[in-house]
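Chemist: For reference, the structure I am asking about is given below.
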Amino acid sequence: MVSLADLQRRIARGELAAEAAVARSVQAIAAQDKAIGAFVCHDPEARAAGQGPLRGIAVGIKDIIDTADFPTEMGSPIYRGHRPRADAPVVAMLRRAGATIIGKTTTTAFAATDPTATLNPHNRAHTPGGSSSGSAASVGAGMIPLALGTQTGGSVIRPASYCGAAAIKPSYRLLPTVGVKCFSWTLDTVGLFAAGIEDLACGLSAITGRPELLLPALPAAPRIGVVTQDFAGEVEAASIEALQLAARKAELAGAGVRALPLPQVFADAWRIHTTVQQFEAHQALAWEYRERYDEMPPILRGRLDETRDIAPAEYDEALAIAAQARAALGAVFEQVDVLLTYSAPGAPPKGLDSTGDPRLNRLWTLLGTPCVNIPTLVADGNLPVGVQLIAPYGSDGKALAAARFVEQALKR
(Lines give C-alpha, C1' and ligand atoms only; values in the text may rest on other atoms or scores of the structure.)
Protein backbone atom coordinates (compact mmCIF):
# COMPACT_ATOMS: atom_id res chain seq x y z
CA MET A 1 0.00 0.00 0.00
CA VAL A 2 0.98 3.64 -0.44
CA SER A 3 1.59 5.70 2.70
CA LEU A 4 0.03 9.16 2.58
CA ALA A 5 2.27 10.40 5.41
CA ASP A 6 5.39 9.14 3.65
CA LEU A 7 4.37 10.88 0.44
CA GLN A 8 3.81 14.12 2.39
CA ARG A 9 7.28 13.91 3.95
CA ARG A 10 9.01 13.15 0.64
CA ILE A 11 7.19 15.96 -1.14
CA ALA A 12 8.03 18.40 1.68
CA ARG A 13 11.73 17.44 1.51
CA GLY A 14 11.81 17.87 -2.25
CA GLU A 15 12.58 14.19 -2.84
CA LEU A 16 9.38 13.63 -4.81
CA ALA A 17 7.43 16.06 -6.96
CA ALA A 18 3.72 16.30 -6.26
CA GLU A 19 3.08 15.70 -9.97
CA ALA A 20 5.12 12.49 -9.82
CA ALA A 21 3.18 11.26 -6.79
CA VAL A 22 -0.13 11.66 -8.62
CA ALA A 23 1.33 10.13 -11.78
CA ARG A 24 2.24 7.00 -9.78
CA SER A 25 -1.40 6.56 -8.79
CA VAL A 26 -2.51 7.04 -12.39
CA GLN A 27 -0.06 4.35 -13.46
CA ALA A 28 -1.09 1.98 -10.66
CA ILE A 29 -4.76 2.29 -11.61
CA ALA A 30 -3.92 1.61 -15.25
CA ALA A 31 -1.90 -1.46 -14.26
CA GLN A 32 -4.30 -3.00 -11.74
CA ASP A 33 -7.85 -1.83 -12.04
CA LYS A 34 -8.88 -3.86 -15.09
CA ALA A 35 -8.44 -6.93 -12.88
CA ILE A 36 -9.86 -5.56 -9.61
CA GLY A 37 -12.58 -3.16 -10.80
CA ALA A 38 -12.33 -0.67 -7.95
CA PHE A 39 -13.10 2.42 -10.04
CA VAL A 40 -16.28 3.41 -11.85
CA CYS A 41 -14.29 6.09 -13.66
CA HIS A 42 -11.00 7.90 -13.22
CA ASP A 43 -8.95 10.62 -14.85
CA PRO A 44 -5.99 9.09 -16.73
CA GLU A 45 -4.47 12.56 -17.04
CA ALA A 46 -4.89 13.62 -13.41
CA ARG A 47 -2.34 16.11 -12.13
CA ALA A 48 -1.43 17.67 -8.81
CA ALA A 49 -3.72 20.63 -8.27
CA GLY A 50 -3.73 23.47 -5.78
CA GLN A 51 -1.68 23.94 -2.64
CA GLY A 52 -2.01 22.50 0.82
CA PRO A 53 -1.05 19.53 2.97
CA LEU A 54 -2.62 17.05 0.53
CA ARG A 55 -0.93 18.36 -2.62
CA GLY A 56 0.25 15.32 -4.56
CA ILE A 57 -2.25 13.00 -2.86
CA ALA A 58 -4.61 11.19 -5.23
CA VAL A 59 -8.00 10.49 -3.64
CA GLY A 60 -10.81 8.18 -4.73
CA ILE A 61 -14.39 9.20 -3.94
CA LYS A 62 -17.16 6.67 -3.28
CA ASP A 63 -19.73 7.00 -6.02
CA ILE A 64 -22.59 8.16 -3.81
CA ILE A 65 -20.69 11.39 -3.05
CA ASP A 66 -21.26 14.29 -5.45
CA THR A 67 -18.41 15.46 -7.67
CA ALA A 68 -18.68 18.24 -10.23
CA ASP A 69 -16.16 16.76 -12.67
CA PHE A 70 -17.17 13.08 -12.52
CA PRO A 71 -20.63 11.45 -12.75
CA THR A 72 -22.25 10.31 -9.50
CA GLU A 73 -24.20 7.18 -10.42
CA MET A 74 -24.75 5.63 -6.95
CA GLY A 75 -24.15 2.13 -8.25
CA SER A 76 -27.55 2.18 -9.96
CA PRO A 77 -28.77 2.36 -13.58
CA ILE A 78 -31.37 4.84 -12.36
CA TYR A 79 -28.61 7.45 -12.10
CA ARG A 80 -26.43 6.42 -15.06
CA GLY A 81 -24.68 9.50 -16.40
CA HIS A 82 -25.95 11.74 -13.57
CA ARG A 83 -23.73 14.84 -13.32
CA PRO A 84 -24.00 16.97 -10.18
CA ARG A 85 -23.40 20.67 -10.64
CA ALA A 86 -21.25 20.96 -7.51
CA ASP A 87 -18.90 19.00 -5.31
CA ALA A 88 -20.19 17.69 -2.01
CA PRO A 89 -18.70 19.80 0.82
CA VAL A 90 -16.37 16.97 1.89
CA VAL A 91 -14.95 16.84 -1.65
CA ALA A 92 -14.55 20.62 -1.61
CA MET A 93 -12.66 20.27 1.68
CA LEU A 94 -10.30 17.79 0.04
CA ARG A 95 -9.66 20.15 -2.86
CA ARG A 96 -9.07 23.04 -0.46
CA ALA A 97 -6.40 20.91 1.24
CA GLY A 98 -4.69 20.41 -2.15
CA ALA A 99 -5.81 16.85 -2.93
CA THR A 100 -6.27 15.55 -6.46
CA ILE A 101 -9.63 13.86 -6.99
CA ILE A 102 -8.56 11.02 -9.25
CA GLY A 103 -11.86 9.20 -9.75
CA LYS A 104 -15.02 7.60 -8.40
CA THR A 105 -14.86 4.24 -6.63
CA THR A 106 -17.47 1.52 -6.84
CA THR A 107 -20.34 1.29 -4.40
CA THR A 108 -23.11 -1.20 -3.90
CA ALA A 109 -26.31 0.37 -5.26
CA PHE A 110 -27.34 3.24 -2.96
CA ALA A 111 -24.67 2.01 -0.50
CA ALA A 112 -26.89 -0.93 0.43
CA THR A 113 -26.31 -4.68 0.13
CA ASP A 114 -26.34 -5.76 -3.54
CA PRO A 115 -22.67 -6.58 -4.32
CA THR A 116 -20.53 -4.87 -6.92
CA ALA A 117 -18.24 -6.72 -9.33
CA THR A 118 -15.17 -5.40 -7.47
CA LEU A 119 -12.69 -8.10 -6.37
CA ASN A 120 -10.65 -8.37 -3.21
CA PRO A 121 -7.10 -7.23 -4.11
CA HIS A 122 -5.50 -9.89 -1.90
CA ASN A 123 -7.52 -12.85 -3.15
CA ARG A 124 -9.72 -12.22 -6.16
CA ALA A 125 -11.99 -15.14 -5.37
CA HIS A 126 -13.28 -13.21 -2.34
CA THR A 127 -15.38 -10.11 -1.72
CA PRO A 128 -13.74 -6.80 -0.84
CA GLY A 129 -16.73 -6.05 1.37
CA GLY A 130 -19.14 -3.19 0.95
CA SER A 131 -20.75 -0.89 0.49
CA SER A 132 -17.49 1.06 0.08
CA SER A 133 -16.11 -1.73 -2.07
CA GLY A 134 -13.99 0.27 -4.48
CA SER A 135 -12.55 2.62 -1.88
CA ALA A 136 -11.32 -0.25 0.27
CA ALA A 137 -10.00 -2.25 -2.69
CA SER A 138 -8.22 0.67 -4.33
CA VAL A 139 -6.33 1.51 -1.15
CA GLY A 140 -5.74 -2.14 -0.27
CA ALA A 141 -4.27 -2.73 -3.73
CA GLY A 142 -1.90 0.23 -3.41
CA MET A 143 -3.48 2.16 -6.27
CA ILE A 144 -4.13 5.33 -4.24
CA PRO A 145 -3.10 6.55 -0.78
CA LEU A 146 -6.51 7.86 0.35
CA ALA A 147 -10.19 7.19 -0.39
CA LEU A 148 -13.54 8.32 0.94
CA GLY A 149 -16.27 5.87 1.89
CA THR A 150 -19.44 5.97 3.95
CA GLN A 151 -20.86 3.84 6.74
CA THR A 152 -24.50 3.34 7.71
CA GLY A 153 -24.09 -0.18 9.12
CA GLY A 154 -20.53 -1.39 8.59
CA SER A 155 -19.52 -0.06 5.18
CA VAL A 156 -16.14 1.47 6.14
CA ILE A 157 -14.75 -0.74 8.90
CA ARG A 158 -15.74 -4.12 7.43
CA PRO A 159 -14.33 -3.64 3.89
CA ALA A 160 -11.18 -2.13 5.40
CA SER A 161 -10.74 -5.31 7.43
CA TYR A 162 -11.32 -7.44 4.33
CA CYS A 163 -8.88 -5.46 2.16
CA GLY A 164 -6.11 -4.99 4.74
CA ALA A 165 -6.48 -1.20 4.89
CA ALA A 166 -6.62 1.11 7.87
CA ALA A 167 -9.85 3.09 8.08
CA ILE A 168 -11.70 5.49 10.32
CA LYS A 169 -15.41 6.03 10.67
CA PRO A 170 -15.16 9.37 12.46
CA SER A 171 -17.53 10.74 15.04
CA TYR A 172 -20.97 11.31 13.56
CA ARG A 173 -20.98 14.52 11.50
CA LEU A 174 -17.27 15.31 11.88
CA LEU A 175 -17.30 15.16 8.08
CA PRO A 176 -20.38 16.63 6.37
CA THR A 177 -22.83 14.34 4.58
CA VAL A 178 -24.42 17.10 2.50
CA GLY A 179 -24.10 16.02 -1.13
CA VAL A 180 -23.94 12.34 -0.15
CA LYS A 181 -26.85 10.13 -1.24
CA CYS A 182 -28.81 9.64 1.97
CA PHE A 183 -29.81 6.21 3.25
CA SER A 184 -30.32 7.05 6.94
CA TRP A 185 -29.71 10.57 8.23
CA THR A 186 -29.30 9.29 11.79
CA LEU A 187 -26.54 6.87 10.77
CA ASP A 188 -24.78 7.90 7.54
CA THR A 189 -21.15 8.83 8.22
CA VAL A 190 -18.32 9.71 5.81
CA GLY A 191 -15.06 7.88 6.53
CA LEU A 192 -11.51 7.43 5.23
CA PHE A 193 -9.36 4.54 3.99
CA ALA A 194 -5.55 4.67 4.01
CA ALA A 195 -2.52 2.44 4.38
CA GLY A 196 -1.93 2.98 8.10
CA ILE A 197 -3.09 4.88 11.17
CA GLU A 198 -0.67 7.79 10.71
CA ASP A 199 -1.99 8.18 7.18
CA LEU A 200 -5.57 8.37 8.46
CA ALA A 201 -4.57 11.02 11.01
CA CYS A 202 -2.77 13.13 8.40
CA GLY A 203 -5.68 12.83 5.99
CA LEU A 204 -8.42 13.61 8.49
CA SER A 205 -6.47 16.51 9.98
CA ALA A 206 -5.87 18.05 6.56
CA ILE A 207 -9.48 17.68 5.43
CA THR A 208 -10.96 19.17 8.62
CA GLY A 209 -8.23 21.70 9.39
CA ARG A 210 -7.88 20.19 12.88
CA PRO A 211 -4.21 19.85 13.92
CA GLU A 212 -5.28 18.13 17.14
CA LEU A 213 -6.03 15.01 15.07
CA LEU A 214 -2.35 14.54 14.22
CA LEU A 215 -0.63 11.80 16.20
CA PRO A 216 1.68 12.47 19.15
CA ALA A 217 5.28 11.34 18.69
CA LEU A 218 4.83 8.67 21.35
CA PRO A 219 1.20 7.63 21.86
CA ALA A 220 0.46 6.94 25.52
CA ALA A 221 -0.45 3.43 26.61
CA PRO A 222 -4.26 3.37 26.74
CA ARG A 223 -6.62 1.53 29.06
CA ILE A 224 -8.37 -0.90 26.73
CA GLY A 225 -11.66 -2.68 27.30
CA VAL A 226 -12.07 -5.78 25.15
CA VAL A 227 -15.68 -6.18 24.00
CA THR A 228 -16.85 -9.35 22.25
CA GLN A 229 -20.43 -8.25 21.43
CA ASP A 230 -21.86 -11.70 22.21
CA PHE A 231 -25.37 -10.36 21.49
CA ALA A 232 -24.35 -9.99 17.82
CA GLY A 233 -23.80 -13.71 17.25
CA GLU A 234 -20.85 -16.01 16.76
CA VAL A 235 -17.63 -15.06 14.99
CA GLU A 236 -15.14 -17.13 13.06
CA ALA A 237 -11.77 -18.35 14.32
CA ALA A 238 -9.82 -15.77 12.28
CA SER A 239 -11.53 -12.83 13.99
CA ILE A 240 -11.17 -14.42 17.43
CA GLU A 241 -7.46 -14.87 16.76
CA ALA A 242 -7.10 -11.27 15.56
CA LEU A 243 -8.78 -9.83 18.66
CA GLN A 244 -6.75 -12.00 21.02
CA LEU A 245 -3.52 -11.11 19.20
CA ALA A 246 -4.19 -7.37 19.29
CA ALA A 247 -5.13 -7.46 22.98
CA ARG A 248 -2.08 -9.54 23.91
CA LYS A 249 0.36 -7.39 21.92
CA ALA A 250 -1.11 -4.18 23.34
CA GLU A 251 -0.78 -5.50 26.88
CA LEU A 252 2.83 -6.55 26.28
CA ALA A 253 3.51 -3.02 25.04
CA GLY A 254 2.22 -1.55 28.32
CA ALA A 255 -1.49 -1.00 27.79
CA GLY A 256 -3.95 -1.92 30.50
CA VAL A 257 -6.21 -4.56 28.94
CA ARG A 258 -9.34 -6.06 30.46
CA ALA A 259 -12.45 -7.85 29.27
CA LEU A 260 -15.42 -5.52 29.57
CA PRO A 261 -19.03 -6.75 29.53
CA LEU A 262 -21.58 -4.29 28.18
CA PRO A 263 -24.89 -3.56 29.93
CA GLN A 264 -28.14 -4.85 28.40
CA VAL A 265 -29.02 -1.48 26.90
CA PHE A 266 -26.27 -1.99 24.29
CA ALA A 267 -27.76 -5.27 23.16
CA ASP A 268 -31.10 -3.48 22.87
CA ALA A 269 -29.48 -0.69 20.85
CA TRP A 270 -27.79 -3.19 18.56
CA ARG A 271 -31.18 -4.82 17.95
CA ILE A 272 -32.96 -1.60 16.94
CA HIS A 273 -30.28 -0.30 14.56
CA THR A 274 -32.10 -1.91 11.64
CA THR A 275 -35.40 -0.30 12.66
CA VAL A 276 -33.83 3.16 12.52
CA GLN A 277 -31.99 2.41 9.30
CA GLN A 278 -34.92 0.94 7.38
CA PHE A 279 -37.53 3.46 8.55
CA GLU A 280 -35.34 6.30 7.33
CA ALA A 281 -34.34 4.44 4.15
CA HIS A 282 -38.00 4.30 3.11
CA GLN A 283 -38.08 8.09 3.22
CA ALA A 284 -34.60 8.68 1.77
CA LEU A 285 -35.30 6.33 -1.17
CA ALA A 286 -39.01 7.07 -1.49
CA TRP A 287 -38.81 8.42 -5.06
CA GLU A 288 -36.70 5.55 -6.38
CA TYR A 289 -38.86 2.95 -4.64
CA ARG A 290 -42.10 4.46 -5.95
CA GLU A 291 -41.10 5.63 -9.43
CA ARG A 292 -38.31 3.20 -10.45
CA TYR A 293 -39.21 0.10 -8.44
CA ASP A 294 -38.25 -2.41 -11.15
CA GLU A 295 -34.79 -0.82 -11.51
CA MET A 296 -34.01 -1.02 -7.80
CA PRO A 297 -31.36 -3.64 -6.92
CA PRO A 298 -33.08 -6.88 -5.89
CA ILE A 299 -31.70 -7.37 -2.36
CA LEU A 300 -32.33 -3.75 -1.37
CA ARG A 301 -35.77 -3.80 -2.97
CA GLY A 302 -36.65 -6.98 -1.08
CA ARG A 303 -35.55 -5.50 2.24
CA LEU A 304 -37.57 -2.38 1.61
CA ASP A 305 -40.57 -4.57 0.79
CA GLU A 306 -40.10 -6.42 4.09
CA THR A 307 -39.82 -3.28 6.21
CA ARG A 308 -42.35 -0.90 4.72
CA ASP A 309 -44.76 -1.42 7.63
CA ILE A 310 -42.47 -0.12 10.39
CA ALA A 311 -44.72 2.18 12.39
CA PRO A 312 -43.61 5.67 13.47
CA ALA A 313 -44.13 4.63 17.10
CA GLU A 314 -41.70 1.72 16.63
CA TYR A 315 -39.16 4.12 15.11
CA ASP A 316 -39.61 6.59 17.97
CA GLU A 317 -39.07 3.80 20.50
CA ALA A 318 -35.89 2.76 18.67
CA LEU A 319 -34.57 6.33 18.79
CA ALA A 320 -35.27 6.43 22.53
CA ILE A 321 -33.30 3.22 23.07
CA ALA A 322 -30.43 4.64 21.02
CA ALA A 323 -30.41 7.76 23.19
CA GLN A 324 -30.32 5.60 26.35
CA ALA A 325 -27.34 3.65 24.99
CA ARG A 326 -25.47 6.83 24.10
CA ALA A 327 -26.00 8.12 27.62
CA ALA A 328 -24.87 4.80 29.12
CA LEU A 329 -21.68 4.86 27.08
CA GLY A 330 -20.28 7.59 29.30
CA ALA A 331 -20.14 5.20 32.25
CA VAL A 332 -18.35 2.60 30.11
CA PHE A 333 -15.64 5.09 29.19
CA GLU A 334 -15.11 6.02 32.84
CA GLN A 335 -13.57 2.54 33.20
CA VAL A 336 -11.39 2.52 30.07
CA ASP A 337 -10.03 4.92 27.47
CA VAL A 338 -11.02 2.91 24.40
CA LEU A 339 -12.79 -0.30 23.41
CA LEU A 340 -11.34 -3.06 21.24
CA THR A 341 -13.59 -5.44 19.33
CA TYR A 342 -14.05 -7.32 16.07
CA SER A 343 -14.14 -5.45 12.75
CA ALA A 344 -15.98 -8.29 10.98
CA PRO A 345 -17.28 -11.77 11.78
CA GLY A 346 -14.29 -13.33 10.02
CA ALA A 347 -12.10 -13.19 6.94
CA PRO A 348 -13.69 -11.95 3.69
CA PRO A 349 -16.24 -14.48 2.40
CA LYS A 350 -15.57 -16.33 -0.83
CA GLY A 351 -17.52 -15.29 -3.91
CA LEU A 352 -19.27 -12.09 -4.92
CA ASP A 353 -22.82 -12.89 -3.87
CA SER A 354 -22.37 -11.11 -0.53
CA THR A 355 -20.33 -8.22 0.85
CA GLY A 356 -20.20 -9.82 4.31
CA ASP A 357 -22.14 -9.15 7.48
CA PRO A 358 -22.16 -5.71 9.21
CA ARG A 359 -23.60 -6.99 12.50
CA LEU A 360 -20.41 -6.23 14.47
CA ASN A 361 -20.35 -2.61 13.29
CA ARG A 362 -23.99 -1.58 13.68
CA LEU A 363 -23.91 -0.65 17.36
CA TRP A 364 -21.00 1.75 17.02
CA THR A 365 -22.49 3.43 13.96
CA LEU A 366 -25.73 3.96 15.89
CA LEU A 367 -23.82 5.41 18.85
CA GLY A 368 -21.90 7.82 16.60
CA THR A 369 -18.50 6.97 18.08
CA PRO A 370 -15.21 7.13 16.17
CA CYS A 371 -14.12 3.65 15.05
CA VAL A 372 -10.74 2.71 13.57
CA ASN A 373 -9.90 -0.51 11.73
CA ILE A 374 -6.40 -1.77 12.49
CA PRO A 375 -5.07 -4.43 10.08
CA THR A 376 -4.04 -7.27 12.39
CA LEU A 377 -3.29 -10.57 10.67
CA VAL A 378 -3.47 -12.43 7.39
CA ALA A 379 -5.53 -15.63 7.49
CA ASP A 380 -5.25 -18.64 5.20
CA GLY A 381 -5.73 -17.71 1.56
CA ASN A 382 -3.93 -14.36 2.00
CA LEU A 383 -7.09 -12.92 3.54
CA PRO A 384 -6.68 -9.86 5.79
CA VAL A 385 -8.44 -9.60 9.16
CA GLY A 386 -8.61 -6.47 11.31
CA VAL A 387 -9.85 -5.33 14.69
CA GLN A 388 -11.65 -2.11 15.46
CA LEU A 389 -10.90 0.37 18.19
CA ILE A 390 -13.63 2.68 19.53
CA ALA A 391 -13.33 5.93 21.52
CA PRO A 392 -15.92 8.28 23.04
CA TYR A 393 -17.93 10.51 20.72
CA GLY A 394 -15.86 13.51 19.65
CA SER A 395 -12.57 11.89 20.70
CA ASP A 396 -11.29 11.13 17.22
CA GLY A 397 -7.74 12.14 18.14
CA LYS A 398 -7.81 9.73 21.08
CA ALA A 399 -9.11 6.95 18.82
CA LEU A 400 -6.33 7.50 16.31
CA ALA A 401 -3.60 7.73 18.97
CA ALA A 402 -4.75 4.52 20.67
CA ALA A 403 -5.04 2.77 17.30
CA ARG A 404 -1.50 3.84 16.50
CA PHE A 405 -0.35 2.36 19.82
CA VAL A 406 -1.97 -0.97 18.97
CA GLU A 407 -0.67 -0.86 15.39
CA GLN A 408 2.89 -0.34 16.64
CA ALA A 409 2.46 -3.07 19.25
CA LEU A 410 1.39 -5.52 16.55
CA LYS A 411 4.60 -4.81 14.60
CA ARG A 412 6.87 -5.68 17.52
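Chemist: In segment 361-377, which residue that is out of contact with any strand residue (DSSP E or B) (no Cβ under 6 Å at 6 or more places or on another chain) and either in the same structural domain as A194 (by TED's automatic domain parsing) or on the phi < 0 side of the Ramachandran plot (or both) is surrounded by the fewest Cβ atoms within 10 Å (Cβ to Cβ)? It would help to see each step written out before you state the result.
Modeler: Step one: of segment 361-377, the residues out of contact with any strand residue (DSSP E or B) (no Cβ under 6 Å at 6 or more places or on another chain) are 361-363, 366-368, 370.
When the remaining residues are screened for being either in the same structural domain as A194 (by TED's automatic domain parsing) or on the phi < 0 side of the Ramachandran plot (or both), the result is 361-363, 366-367, 370.
Details: N361: 29, R362: 25, L363: 24, L366: 28, L367: 22, P370: 28.
Ranking the candidates gives L367 first.
Chemist: Given the conditions (1) of a type outside the set (S, T, N, Q); (2) in contact with a helix residue (DSSP H, G or I) (Cβ under 8 Å, 6 or more places away or on another chain); (3) more than 18 Å from C371 (Cα to Cα); (4) surrounded by 18 or more Cβ atoms within 10 Å (Cβ to Cβ), and given that L245 satisfies all but one, which numbered condition is not satisfied?
Modeler: Failing condition for L245: (4).
Chemist: So which residues in segment 173-192 are in a loop (DSSP other than H, G, I, E, B) and of a type outside the set (V, I, T)? Can you show your working first?
Modeler: Taking segment 173-192 and keeping what is in a loop (DSSP other than H, G, I, E, B), we get 173-179, 181-188.
Correct list: R173, L174, L175, P176, G179, K181, C182, F183, S184, W185, L187, D188.
Chemist: Restricted to segment 299-355, and to residues that are β-branched (V, I, T) and outside the structural domain of T228 (by TED's automatic domain parsing), which residue is farthest from L262 (Cα to Cα)?
Modeler: Residues of segment 299-355 β-branched (V, I, T): 299, 307, 310, 321, 332, 336, 338, 341, 355.
Subsequent filtering for residues that are outside the structural domain of T228 (by TED's automatic domain parsing) retains 299, 307, 310.
Numbers: I299: 32, T307: 29, I310: 28 Å.
Here the residue is I299.
For (1) small (G, A, S); (2) more than 12 Å from the chain's Cα centre (by Cα), each residue gets a yes or a no:
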site	(1), (2)
G140	yes, yes
L148	no, no
Q151	no, no
I157	no, no
Y172	no, yes
F183	no, yes
D188	no, no
A201	yes, yes
A221	yes, yes
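Chemist: Which condition number does A21 fail, the rest of (1) in contact with a helix residue (DSSP H, G or I) (Cβ under 8 Å, 6 or more places away or on another chain); (2) closer than 26 Å to L175 by Cβ; (3) touching a residue at least 40 places away in the same chain (Cβ under 8 Å) being met?
Modeler: Here A21 meets the rest and fails (3).
Chemist: Show the residue pairs that are 6+ apart or on different chains and have beta-carbon atoms under 8 Å apart, the first residue being within segment 232-261 and within 19 Å of V378 (Cβ to Cβ), the second being among the basic types (K, R) and modelled with pLDDT under 95.
Modeler: If the second residue must be among the basic types (K, R) and modelled with pLDDT under 95, the pairs left are K249/R412.
Chemist: Tally the residues that are assigned to a strand (DSSP E or B), of a type outside the set (A, V, I, L, M, F, W, C) and surrounded by 24 or more Cβ atoms within 10 Å (Cβ to Cβ), restricting the search to segment 110-168. If you could, list the steps in order and put the result at the bottom.
Modeler: The initial filter retains those residues of segment 110-168 that are assigned to a strand (DSSP E or B), namely 126, 146-151, 166-168.
With the extra rule that they be of a type outside the set (A, V, I, L, M, F, W, C), the set shrinks to 126, 149-151.
Then keep just the ones that are surrounded by 24 or more Cβ atoms within 10 Å (Cβ to Cβ); that gives 149-151.
So the count comes out to 3.
Chemist: Considering (1) under 25 Å from A86 (Cα atoms); (2) in contact with an Asp or Glu (Cβ under 8 Å, 6 or more places away or on another chain); (3) surrounded by fewer than 24 Cβ atoms within 10 Å (Cβ to Cβ), say which one T107 fails and leave the rest.
Modeler: Exception for T107: condition (3).
The values are calculated or read from the model by the stated rules, or taken from the named source; none is laboratory data. Bear in mind the structure is a predicted one, so any value in this text is a computation, not a measurement. Positions of Cβ are backbone-derived with ideal geometry, glycine not excepted, and every protein chain shown enters the neighbour counts.
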